[in-house]
Amino acid sequence: MLFANYYQQDRVKNASFEEIDRHHTYNPTFTNRLLRSEFLKHGIELNNPDVNQGREIAFSILHDGQAIDHIPSPKYLIATENPYICPLNRSEAYLSTFDGVFTWNKDLLHLPNAIGLFIPNQIQIKQTPAFKDRPIFACLINANKAFPKPMDDDLYKERINVIRWYERNAPEYFSLYGLGWSKPEPAFTSTEKITRRLKRMASQIFGYKPFPSYVGEIEDKGSVYQKAKFAYCYENVANLPDYISEKIFDCLLNGCVPVYWGSHTIEEHIPSTCYIDRRNFKSTGEVHQFLLTIDADQYQQYQDNIQKFLASPKAMEFDTSSYASTIVNKVLQDLQR
């Protein structure tokens with residue numbers, strides 16, 4: 001048996017492979033568990049570093065860029081996080097120190113050690129409710145987050161714009177779910193922090209609701225997406241090549257039609273007939289008016305298109321099985337040299 005380290009921020013005692021991820025509410029560990037099981041088939045046990053203490057290590061895998069300098073080769077990086085959140089994931093000097101870098105970012109594929117890899121999803125085809133059986137007209141499921149400084153292509157602020165538009169103009173058509181919305185939006189400047197503090201006090205003392213559309217936290221996105229006709233599905237940043245996260249797949253897998261804004265290469269991978277492209281509209285108001293025109297027959301057509309896509313080889317490029325096999329095959333090839 002060979003042993004290998006799997007470095008993931010804040011994960012010890014093989015928390016990376018537990019069935020329930022205690023560190024990320026909506027991030028099931030199925031992908032990590034599949035990767036571990038595939039390595040085990042080849043006599044390699046993948047563990048968090050503390051579990052492997054005292055053992056000889058055959059190789060190491062880092063899940064997203066981390067400032068760890070003492071790891072000997074061979075070592076590999078799985079760079080799935082948005083580089084605006086994890087800048088090391090696009091630092092070519094940093095990436096060059098690895099034997100292999102697995103990334104969705106096609107702008108990095110010129111590097112000799114870079115291998116293309118989509119953010120993984122557990123692709124499944126299942127029966128989902130029809131238009132008439134979806135009582136929620138539109139929803140948004142995200143955490144209450146923001147970038148600390150203004151930046152181009154910031155979609156955190158666009159999520160806020162969606163929420164505020166519905167709260168002002170069509171509250172009966174919209175429901176907000178996720179973490180942190182019982183509090184005001186994040187603050188970074190001194191003035192913003194004071195304002196946020198006052199709003200927090202008002203919510204605690206007077207029952208003020210920073211986001212009146214907020215319904216609450218949920219354990220499982222599918223429980224809402226199976227009841228919603230439409231979901232505003234925005235990445236945290238727009239215009240990153242092939243940065244297509246689990247957000248749109250969470251909708252598609254549950255038969256919910258997404259209003260998508262994110263990667264500018266989305267049409268190369270997911271047919272435009274499966275979602276509503278937010279870039280085609282000037283405002284949330286225009287989007288809402290368009291959604292109101294969609295009847296049961298048109299909605300069924302979207303759902304049929306989604307099912308056809310999920311059954312296609314294109315969808316399987318995003319499946320966890322493709323993700324695991326790409327990583328395992330590369331590492332095994334290197335070990336056999």
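The values are calculated or read from the model by the stated rules, or taken from the named source; none is laboratory data. Keep in mind that this is a model prediction, so the values were computed, not measured. All Cβ positions, even for glycine, are placed from backbone atoms using ideal geometry, and neighbour counts span all protein chains on display. All accessible areas refer to the heavy atoms of the entire protein, side chains included, with ligands and DNA or RNA removed. Shrake-Rupley method; radii C 1.70, N 1.55, O 1.52, S 1.80 Å.
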| request: May I ask you to verify whether Tyr166 is at pLDDT below 95 and not acidic (Asp, Glu)? | output: no
| task | Check region 225-232 and report whether any residue there is in contact with a strand residue (DSSP E or B) (Cβ under 6 Å, 6 or more places away or on another chain), touching a residue at least 40 places away in the same chain (Cβ under 8 Å), open to solvent by less than 10 Å² (accessible area, probe 1.4 Å) and aliphatic (A, V, I, L, M). | result | yes
| field | strands (runs of 3 or more DSSP E) completely within region 29-87 that count 2 or more residues being buried (at least 16 other Cβ atoms within 10 Å of the Cβ) and in contact (Cβ under 8 Å) with a residue 60 or more places away in the chain | value | 59-63, 75-79
| query | If we scan region 243-250, do we find a residue that is open to solvent by less than 10 Å² (accessible area, probe 1.4 Å), in contact with a Lys or Arg (Cβ under 9 Å, 6 or more places away or on another chain) and of a type in the set (Asp, Glu)? | reply | no
| Which of the residues spanning region 210-240 are under 13 Å from the mean Cα position of the chain (by Cα) and over 14 Å from Glu158 (Cβ atoms)? | Lys221
| Hits in region 195-213 - residues which are open to solvent by less than 50 Å² (accessible area, probe 1.4 Å) and at pLDDT 85 or above | Pro210, Phe211, Ser213
| message | With open to solvent by 20 Å² or more (accessible area, probe 1.4 Å), more than 23 Å from Ile218 (Cα to Cα) and acidic (Asp, Glu) as the only criterion, which of Glu172, Glu185, Glu167, Glu192 stands out? | response | Glu192
| task | Please give the number of the condition Ser272 fails out of (1) more than 24 Å from Tyr84 (Cα to Cα); (2) touching a residue at least 12 places away in the same chain (Cβ under 8 Å); (3) small (Gly, Ala, Ser). | result | (2)
| query | Quick one: what pairs do we get from region 167-195, first residue within 17 Å of Tyr208 (Cα to Cα), second open to solvent by 70 Å² or more (accessible area, probe 1.4 Å) and at pLDDT 85 or above, C-beta under 6 Å, 6+ apart or different chains? | reply | Glu167/Pro212
| query | If you scan region 63-83, which residues turn out to be modelled with pLDDT under 95 and under 16 Å from Leu335 (Cβ atoms)? | reply | Pro72, Ser73
| note | When every residue in region 258-295 that is open to solvent by less than 50 Å² (accessible area, probe 1.4 Å) and in a helix (DSSP H, G or I) is compared, the one nearest to Phe318 (Cα to Cα) is Ile266
| remark: Here the residues within region 88-106 that are in contact with a Pro (Cβ under 6 Å, 6 or more places away or on another chain) and surrounded by fewer than 20 Cβ atoms within 10 Å (Cβ to Cβ) are Arg90, Asp99, Lys106
